[in-house]
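Participant: Got a structure for you, questions after.
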Amino acid sequence: MSVFSELRRLAEAPHNDYLAAAARAGRPVVGAFCTYVPEELVHAAGAVPYRMRAVGSSGTALGDTYFSSANCSFVRRVMDQGLRGAFDFLAGIVFMNGCDHNRRLFDNWRHANPATGFSHMLFVPHAGSPACLAQYRLELDKLARVLRERLGVEVTDDRLRASIALYDRRRRLLRELAGLRRAPEPPVTGTEFLALMLAVTAVPPEDAVELIERALEEARAGRAPAGTPKLRIFVTGSCLEELSHLELVESHGAVVVADAVCLGARTFDRDVGDAGDPMDALARRYLARVSCPRMMDDVKGRMAYTIDAVRAYAADAVILEKLEFCSMMSGENYIAGHELAKAGIPSLALTRELYGGEVGQLKTRIQAFYEKVGNRS
Amino acid sequence: MLVQDGFRQIGDVPASDDGLREPMELKPFEIIENVVAGAKLGTKVLDKGPAAWALLRAVQPLLFHREHRLNRAARFGYQKVGSGRWTPGELAAYRQDCIATVSFFQRVLDARDGREPLVWLGWPVPVEVASGFDDVAPFVPEAFMAIANMVGTDGHVACLEAVEREGIADDICAMDRVSLGAYLLKQIPEPAAIISVAHPCDAGRTASQLMEYLTGAPAYTINTAYTKEDDDVMAYSKNLFEAIAFLEDTLHRKYNWDKFRRGVRVLDEQNRYLDEITIMNQAVPSAGLAFNLQTAWGSKITGSGNPALLESARLTHKVGRFRLRHPGIRRRVEKFRIIVADMPIVFSEMYMWIERTFGGVVVGDYIGDAIFPPIDMSSLETMMMGVARDRLYMGMIKQAHGAARETVDDLERQIAHFSPDCVIQNGHQGCKHNRALGRIVRDVCRRHDLPLLVMEADIFDKRVMSETDVKRELTAFFREQGFAS
Amino acid sequence: MITAGVDVGTRYVKVCVVRDGRILGADVRELAGVFGDVVRASENAALDEAGLLGVQVRRKAVTGFGAAAAARLVRRAPHFLSREVPVLDEGVCAARAVTELVPGARTVIDAGALFVRSLALTPDGRITDRAVTEKCAAGSGRFLEMIAASLRVPQEEVSDVVATAANPYRMSNSCAVFAESEVISRVNLGVPGPDLLAGILVAIAEKALTLATRAEAAPPVVVVGGLGHMPSFLRVLGDVLGQQVSVVPMDPQLAAAYGAALLAAEPVVARTRSRGA
Amino acid sequence: MIYAGVDVGSLTAKAVLLRDGRVAAWHVEPVSATPGESARRVLEAALEKAQARRDDLTRVCATGYGRHEMTFADLERSEISCHGLGTFTSNPVVRSVIDIGGQDCKVVVLDDAGLVDDFAMNDKCAAGTGRTLELLARTLGVSLGELGPRALRARRALPVSNKCSIFMELDVMQWMHQGRRAEDIARGITASVARRVAALAGKVTLRPGVCISGGVSKNAAVVRELELALGVRFVPLAHDPQIMGALGAACFARLEHERAREHDRRVLRASDPVSSVDAAATPDCAGCTGGAP
């Protein structure tokens, strides 16, 4: 069986055999909400970091008892899942003030108090200045203390270095696999890559590394699932975890070749490295990598990253993904649309709800956009 | 970007003499000019004491109940001076706010004419950052939301529609979109520099980012504190020093620290009055000054440190003291007491309407509850921390930053101090964090056995919920709870 | 004492004429054409059924979306001696009807045309909490009506049709108009009509679940409003809420009008300040 | 040579046959059963009108919501491209199209060849579409056809300002309860829909030569309001605005055929230089020459 089918299976369920095995081996699983929560730190505290997701969610009826219709569908669905017990396998969750919705997810979670262990809020500053870096570093210390209290494992420098090495390895492998998508016939589609990212952020990193190696092997052997695509697409935005949505984007002969989303470049861009104090190195890496639109002083950096990646991966166009009610992406998409136009790169802003349907509308929009891009070339 | 240049000639614009209402067209700076004119008029008229009071009472039927074509512009000014409900004492206090308003907006107009550079400050940024310069005009774009009604409530809609036409999504808070729209409609002058904020809400930070992008002005971002703890406030105040240094470099001007000191003293003194006014509102029956505190909040955002505001607070304080000492003279009824656990209800005169129609008194809201810690004047550093803390204790910022605990603690405290009979939350659309607190706030109210009304209004977008709808919903709630028959 | 309750909703006018808690005459009619004429005609029809003259009605009360406008009309009706026509909240009226007919009910779910409303009651019938659907109207009776119309299923048959659904379709749209086009495209793709209608009932029931959970509703749960007519809806709602639900033992659409009529007979007691004095 | 375009929307199916660059026949009917079935029926009806047979069709292009279900089509194009090329074919001065359909509203900007240069489409919310007008007309108790004429007789526009079309109904009802003139409410409805559309149009840069298509273009009052809101006067179209999508699809069928032929010629030319003589043959469609690459 192709490893990609296994990855897909892992991507489509909130829980899996790897996590069950880890639990049997006595390793707690700790959820994390954002790419600004360093997985290394959680891992060094003896836990399996688990990227929180709404996969398998059936609706928002219970989530809506906490959130209003003006809150984003990600938090509403995750809350719903949490209230239905989908995350009861967790020993704790590290929340993060990614946005107002996420900030309140923490509050509501604590209020509802489902059986998911401890809840900790990691406050991450909104800029990358030296003052903010220092503040973030202190927040990481605080997180290490919480993990020690809750899990009983002291995060020593040695443990942290080992974890960093493991995660750097995972990052390198992911970058290598992503790099293969530069080929005229990418060996991995965007959907497959997203499935892989969902899978490897839901299993112990030791297993993740093995899975990625198998995927690399298969990819190098010369598979080309999409054939020669007519259009190469770069996807940017924030929360994106629906395989069905990327399948839609990859219909009509297009293939996603690169991205700057949470479950993508933001996860594997830039290593931590083994020099200096590991905690300092960790703080630096997480504030310096491809930023999320929540970071205020780095619009230029994000635009530059997008434009460079579009050139490097020979992408024809950019799709800007936004979840309804994400104020940050509303601003970001406006700026990105204009900046990309200046650079001569066509872009399309898509607004959707997580697992929200409206397929007919999206399809028309996407197809018309591809036709427009086709007309230009 | 609706049409390309020169397109209108080709397009053959049809004549509009058939009485059709066209999308509102605003002349550049029309709103600010109206505000300055209105405030100047206010300064003159309110000087007349009881005569002004009698006049305002007399015109109440024309301006109070609803907006129509004839009273569109005048109605807003009328609401600002208390919709004919304010006593001569309150009017005298508001006259001082008019003076502050004139000085603030006149300066903005002067800056437009090139007299001095204009600096935009996100509303959670202490205005001291710019007002301490001798020759820099501070401007808070969000202040625009408070004055856009100067041409009728369509003024807000005109700004919002401009933003929608520009292709900016409508899920950002209407307050921020109004200020963006005002810029697009050339209602506010170009900035020489921008000081942005990263917290307390996403909408504010997004709007700042868009403004930086649209104007291309040099910008510095302040990472507002998450908590009110000393470490965080210290980090925040360091940001403020850096922001001042940034402005000195960018504008090639020196900051006047003496002016800063003077301003902070005035601010601290004003805060003492505001504290006491808040406490007077807590009395039963209440001194009924929540709306006055709202005015003070708006004035403070733009003109913190202005001596006129201190005078305004002193006069308001005097009114409160008089009312508490002579409860018999005040014939106001107080059938029930309301806390608005949010921004004031959509249309600013709603408090007056509730009081007049149902005898319910809004005793406190996020803004009309102003308790500030004293400022330590011993050094520049402590003063800057005081200024930073002052902002953190200001309505909206106080509740919006950090964890839900900030909101809950505040609500608990208000319930304990103001002895309310019910709580209203108008739940403005763009306020993601507040809209996510429904259950938590509900549980607080349930614990205190207080009826809670959650509306789905928007602070300034009457297309989400019109004044009529808001009144309808309030009426239904008061009836359901037996406050009104 | 003979009293009348007039409930002017968004789609229908409902009138109830009551003596000592017993319904003497009632009328429900669609709100089409000139507003005043419909309200008046409905009032007359209810009086005719009761075999009464307008002058015999001692007190009236109005409620519903159009209550304010209706109050003016009702007040001006010839032969109506009392000029007092209180305008009451729908929730209060619905709760009053329920406490009259189902003593001890703790939760009222009012599933009407545009809103689904959930009220939590104390054992003695006082409303302690309420929650109403938020804007964006998918999951309302109106929406069900739109879809039934586009599937060409008459309103009165919807319930039977739904009973034949094998596999309720899960709506993915929250906007009623888009959901309608989603439904049409599903029909075209061969999803059976009953499954689609059942899906809408599930969507409405889930809204009710959200609201009831928010208002911390306790059993017994009583349904009023137009959807109470549908046994299928009650079944679906029961499944979603995980508890027995019953419909108010009268025409559920008339409940608010009935409650208004009951309240019209009672002296108005304004709540007095309960704390802090 | 006959090219066919079939457009199956959510409510109606349309087919257009293009012969010698002219519209030879067209047919519109309500959607029935499945989209594939509707498409077949509407195409057969059009063929009958043109007295042609299925085998006469050179190429068939599908568009509309049901485009994926038409197995017999040779190619498919999005409604946006088809509306663009259709209106461009109908009037070659067209560079911007405002299409207000049943469920959606699109604004398409064309290049000088009639192909899409930019577009905007209503998302999440349906306020500002034909369906909204229909719902509100029903609330007001008039037919959709009557709404326009009523609105044109209005003295003023009563604001119908709510953002959601379902709740716009409440605004309408409120005015009705107050006994306001139906004409003024109708004007409020049309003005409000027009403002929504104008806001959408603001998201792209319109090029001179604006036309309006889709079912709502038959509503004179909305059209008038839109002209005011946009500050333009719409250019007329030579055909029924309802069939623009199908017409565009037919043009795409023709374009695709020519591209294929051109490709064959090039291949042929490369292998046999003699046959390049007839490569200069003129395209057989005068109306949309601009469509050639």
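The values are calculated or read from the model by the stated rules, or taken from the named source; none is laboratory data. Keep in mind that this is a model prediction, so the values were computed, not measured. Quick reminder, even Gly has a Cβ in these numbers, built from the backbone with ideal geometry, and neighbours come from all protein chains shown. With ligands, DNA and RNA removed, areas are computed over all heavy atoms of the protein, side chains included. Shrake-Rupley method; radii C 1.70, N 1.55, O 1.52, S 1.80 Å.
Participant: Only Cα pairs under 8 Å and at least 6 apart count here; give the relative contact order of the stretch A:184-376 as a rounded whole percent.
Facilitator: Normalised by residue count, the contact order of the stretch A:184-376 is 21 percent.
Participant: Next question. Along the three principal axes, how long is the stretch D:35-145 when you take its alpha carbons, biggest first, rounded to the nearest angstrom?
Facilitator: Cα extents, longest axis first: 48, 36, 25 Å.
Participant: So how compact is the stretch B:32-188: Cα radius of gyration and Dmax in angstrom?
Facilitator: In order Rg, Dmax, the Cα atoms of the stretch B:32-188 give 16.8, 50 Å.
Participant: Over every pair of different alpha-carbon atoms in the stretch D:115-174, take the mean of 1/r and invert it; report that Kirkwood radius in Å.
Facilitator: 13.0 Å
Participant: Please work out how much length the chain gains when fully extended from residue B:58 to residue B:412, using 0.36 nm per residue of separation minus the C-alpha to C-alpha distance, in nm with one decimal.
Facilitator: Answer, rounded to one decimal: 123.4 nm.
Participant: Using amide H atoms built 1.01 Å from N in the peptide plane, name the residues 5+ places from residue A:237, or on other chains, whose amide H lies under 5 Å from its own.
Facilitator: Excluding prolines and chain starts, which carry no amide H, the hits are A:260, A:321.
Participant: Evaluate peptide A:70-77: per residue, the Cβ atoms of other protein chains within 10 Å of its Cβ; return the mean as an integer.
Facilitator: That average works out to 3.
Participant: Could you let me know the centre-to-centre spacing of the stretch D:127-187 and the stretch A:223-300, using Cα atoms, in angstrom?
Facilitator: Answer, in whole Å: 47.
Participant: So in the protein assembly as shown, what percent of DSSP beta bridges are antiparallel if you round to the nearest 5?
Facilitator: Percentage antiparallel, nearest 5: 40.
Participant: Amide H of residue B:221 versus every other amide H placed in the peptide plane: which residues, excluding those fewer than 5 positions away on the same chain, fall under 5 Å?
Facilitator: Residues meeting the amide H criterion: B:196.
Participant: What Kirkwood hydrodynamic radius do you get for the stretch B:127-204 when you take the inverse of the mean 1/r over all pairs of distinct Cα atoms, in Å?
Facilitator: About 13.4 Å, per the Kirkwood formula over Cα pairs.
Participant: Taking a virtual spin label 7 Å from the Cα of residue C:152 along the C-beta vector, which residues in the stretch D:33-51 bring their backbone nitrogen under 19 Å of it?
Facilitator: D:33-42
Participant: Please give the length that would be gained between residue B:261 and residue B:25 if that part of the chain were fully extended, namely 0.36 nm times their separation in residues minus their C-alpha to C-alpha distance (nm, one decimal).
Facilitator: 80.6 nm
Participant: Which residues among the stretch A:142-159 fall inside the zone where the amide N is under 18 Å from a point 7 Å beyond the Cα of residue A:280, along Cα→Cβ?
Facilitator: Counting backbone N atoms under 18 Å from the label point, the list is A:142, A:156-159.
Participant: Checking the table B:40/B:254; B:259/B:300; B:44/B:186 against a 24 Å threshold on Cα-Cα, which pairs fail?
Facilitator: B:40/B:254; B:44/B:186
Participant: Give the carbon-plus-sulfur fraction of the accessible surface of the stretch A:3-158 in %, rounded to a whole number; probe 1.4 Å, heavy atoms of protein chains only.
Facilitator: Its accessible area is 50 percent carbon and sulfur atoms.
Participant: Using all C-alpha to C-alpha distances in the stretch C:140-238, build P(r) with 10 Å bins and read off the rounded percent in each one.
Facilitator: Each 10 Å bin holds this share of Cα pairs: 15, 51, 27, 6, 0.
Participant: Another question, then. Beyond 48 Å, how much of the Cα-Cα pair distribution for the protein assembly as shown remains, as a whole percent?
Facilitator: The proportion of pairs with Cα distances above 48 Å equals 38 percent.
Participant: Hey, with R₀ at 60 Å, roughly what FRET efficiency would residue C:167 and residue B:449 work out to, going by the Cβ-Cβ distance, to 0.05?
Facilitator: 0.85
Participant: Under Stokes-Einstein, with the Kirkwood radius over Cα pairs standing in for Rh, what whole-number D in µm²/s applies to the stretch B:335-452 at 25 °C and 0.890 mPa s?
Facilitator: For the chosen part, D equals 161 µm²/s.
Participant: Could you tell me the accessible area of residue A:118 in Å² (1.4 Å probe, neighbours in place), rounded to the nearest ten?
Facilitator: The accessible area of residue A:118 comes to roughly 10 Å².
Participant: Then there's this: Using the alpha-carbon centroid of each, what span in Å lies between the stretch C:1-35 and the stretch B:256-318?
Facilitator: Here the two parts' Cα centres lie 54 Å apart.
Participant: Can you compute the FRET efficiency between residue A:165 and residue A:134 using 1/(1 + (r/R0)^6), with r the Cβ-Cβ distance and R0 = 22 Å? Round to the nearest 0.05.
Facilitator: Result of the calculation: an efficiency of 0.30.
Participant: Whenever you get a sec, line up D:258, A:217 from highest to lowest accessible area (probe 1.4 Å, protein heavy atoms).
Facilitator: Result, largest first: A:217, D:258.
Participant: Under 22 Å between alpha carbons, and skipping anything fewer than 8 positions from residue A:230 in its own chain: which lysines qualify?
Facilitator: Here the lysines satisfying the reach criterion relative to residue A:230 are A:363, A:372.
Participant: Based on the alpha-carbon set only, what is the convex hull volume of chain C divided per residue, in Å³?
Facilitator: Cα-based convex hull of chain C, divided per residue, equals 135 Å³.
Participant: Interface A/B, total buried accessible area with a 1.4 Å probe, nearest 100 Å²?
Facilitator: Chains A and B together bury approximately 3500 Å².
Participant: Let me ask something else about it. Give the ranking of A:111, D:83 by solvent-accessible surface, highest area first, calculated with a 1.4 Å probe.
Facilitator: Result of the area sort, largest leading: A:111, D:83.
Participant: Students often forget the sequence filter, so: which lysines lie under 19 Å Cα-Cα from residue B:462 once same-chain residues fewer than 8 apart are removed?
Facilitator: Leaving aside lysines fewer than 8 places away in the same chain, those within reach of residue B:462 are B:80, B:432, B:471, C:135, D:163.
Participant: Moving to a separate point now. How many Å² of accessible surface get buried when C and A come together, counting both sides, probe radius 1.4 Å, rounded to the nearest 100?
Facilitator: Interface area, both chains combined: 900 Å², rounded to the nearest 100.
Participant: Here's something else I'd like to know. Could you go through the stretch B:60-76 in sequence order and give the Karplus-derived ³J(HN,Hα) for each residue, using 6.51 cos²θ - 1.76 cosθ + 1.60 with θ = phi - 60°, rounded to whole Hz, and x for Gly and Pro?
Facilitator: Listing the rounded values in order: 3, x, 6, 10, 7, 6, 8, 8, 9, 4, 7, 9, 3, 7, 5, 4, 5 Hz.
Participant: Using the per-residue mean of other Cβ atoms lying within 10 Å as a proxy for protection, in what order, highest first, do the peptides B:61-71, A:339-349 fall?
Facilitator: Ranked from most to least packed, the peptides come out as A:339-349, B:61-71.
Participant: Here is a further query. Going 7 Å from the Cα of residue A:311 in the Cα-to-Cβ direction, what parts of the stretch A:219-236 have a backbone nitrogen less than 20 Å from that spot?
Facilitator: It comes to A:232-236, nothing else.
Participant: For the stretch D:184-201, just list the computed ³J(HN,Hα) in residue order, Karplus coefficients 6.51, -1.76 and 1.60, θ = phi - 60°, integers in Hz, with x standing in for Gly and Pro.
Facilitator: These are the phi-based 3J(HN,Hα) values: 5, 5, 4, 5, x, 5, 5, 5, 5, 4, 4, 5, 4, 5, 4, 5, 5, 4 Hz.
Participant: In Å, what Kirkwood hydrodynamic radius results for the stretch A:178-236 from the alpha-carbon pair distances?
Facilitator: 12.2 Å
Participant: Related question: Can you give the Rg to Rh ratio for the stretch D:98-230, taking only C-alpha atoms and Rh from Kirkwood?
Facilitator: 0.99
Participant: Just for the Cα atoms in chain A, what are the lengths along the principal axes, largest first, rounded to whole Å?
Facilitator: 61, 46, 46
Participant: Turning to a different aspect of this structure: Given the whole protein assembly as supplied and a 1.4 Å probe, what does the accessible area of residue D:49 come to in Å², nearest 10?
Facilitator: For residue D:49, the solvent-accessible surface is approximately 120 Å².
Participant: For labels at residue A:142 and residue D:91 in the simple 7 Å Cα→Cβ model, what's the distance in nm?
Facilitator: Between residue A:142 and residue D:91, the simple spin-label model gives 6.4 nm.
Participant: Determine the per residue accessible area of the protein assembly as shown with all protein chains present and a 1.4 angstrom probe, expressed in square angstrom.
Facilitator: Averaged over the residues of the protein assembly as shown, the accessible area is 35 Å².
Participant: Right, something else. When Cβ neighbours within 10 Å are restricted to other protein chains, what is their mean count per residue of peptide A:125-135?
Facilitator: Counting Cβ atoms of other protein chains within 10 Å of each residue's Cβ and averaging gives 4.
Participant: In addition: Between residue D:71 and residue D:29, take the C-beta separation as r, use R0 = 25 Å, and let me know the FRET efficiency to the nearest 0.05.
Facilitator: So, using R0 = 25 Å, E works out to roughly 0.80.
Participant: Another question, if that's okay. Quick check on chain D: what are the equivalent-ellipsoid semi-axes from the Cα gyration tensor, as sqrt(5λ), descending, whole Å?
Facilitator: They are 40, 20, 14 Å, listed from largest to smallest.
Participant: Along the stretch A:73-86, what does the Karplus equation 6.51 cos²θ - 1.76 cosθ + 1.60 (θ = phi - 60°) give for ³J(HN,Hα), rounded to whole Hz, x for Gly and Pro?
Facilitator: Each residue's phi maps through the Karplus curve to give 5, 5, 5, 5, 6, 5, 4, 4, 4, x, 5, 8, x, 5 Hz.
Participant: Out of the total accessible area of the stretch C:103-247 (probe 1.4 Å, heavy atoms of protein only), what percent is carbon and sulfur?
Facilitator: 54 percent
Participant: Please compute how much accessible surface disappears when C pairs with B, both sides summed, using a 1.4 Å probe, and round it to the nearest 100 Å².
Facilitator: 2300 Å²
Participant: Okay, next question. Starting from a Cα-only point model with no solvent, please compute log10 I(q)/I(0) by Debye for the stretch A:184-376 at q = 0.14 1/Å.
Facilitator: Listed by q, the Debye log ratios stand at -0.85.
Participant: Ignoring everything but the protein chains, give the 1.4 Å probe accessible area of residue B:342 in square angstrom, nearest 10.
Facilitator: Only protein atoms counted, so the area is about 0 Å².
Participant: Which of the three applies to chain B, rounded, prolate or oblate, going by the alpha-carbon gyration tensor with a ≥ b ≥ c and a/c under 1.5 meaning rounded?
Facilitator: Rounded.
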